[in-house]
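The structure under discussion appears below in the form of structure tokens.
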Amino acid sequence: MQESENIKICNCNIPPKIQQDKMFDAIARYIEGIPAGECVEDKEYERRLAICEDCDGRMGPTCRYCGCFVLARAKRKDQECPMPGKNKWLSGDL
């Protein structure tokens, strides 16, 4: 995650001010490009997304705590919930 003038930006190389339809296409291409061994299983992906859906840190398609696109971050095994002081994906809070 990069910071530019206190605005957090996702590291997945998807421009933060892209048109919504193009944004979801870009996120889908990004996810398709993740090697299978680096992705969580679909059930875990859906569980993570459900947790993010109800989180007050969600700002549209992004997370206020890290700036990442939630759909992209949740798919990667090596990522965790960036909520300060609490990894909600680990705790399983819904």
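Pairs meeting the criteria (first residue in segment 29-43 and touching a residue at least 12 places away in the same chain (Cβ under 8 Å) and part of a helix (DSSP H, G or I), second residue of a type in the set (Asp, Glu) and exposed (fewer than 10 other Cβ atoms within 10 Å of the Cβ), beta carbons under 8 Å, at least 6 apart or on different chains) are Glu38/Asp78. Residues that are touching a Gly at 6+ places or on another chain (Cβ under 7 Å) and touching a residue at least 40 places away in the same chain (Cβ under 8 Å) within segment 66-94 are absent altogether. For Pro82, the criteria (1) open to solvent by less than 30 Å² (accessible area, probe 1.4 Å); (2) touching a Cys at 6+ places or on another chain (Cβ under 7 Å); (3) in a loop (DSSP other than H, G, I, E, B) hold in every case but one, which is (1). Candidates are the residues of segment 48-60 that are over 11 Å from Leu71 (Cβ atoms) and touching a residue at least 40 places away in the same chain (Cβ under 8 Å); the one that is surrounded by the fewest Cβ atoms within 10 Å (Cβ to Cβ) is Asp54.
For segment 69-83, a residue qualifies if it is within 21 Å of Ala26 (Cα to Cα), out of contact with any Lys or Arg (no Cβ under 8 Å at 6 or more places or on another chain) and not basic (Lys, Arg), and the qualifying residues are Phe69, Leu71, Ala72, Asp78.
The values are calculated or read from the model by the stated rules, or taken from the named source; none is laboratory data. Quick caveat, the model's predicted, so the values are computed rather than measured. Every residue, glycine among them, receives a Cβ derived from its backbone with ideal geometry; neighbour counts consider all protein chains shown. Surface accessibility is based on the protein's heavy atoms, side chains included, excluding ligands, DNA and RNA. Shrake-Rupley method; radii C 1.70, N 1.55, O 1.52, S 1.80 Å.
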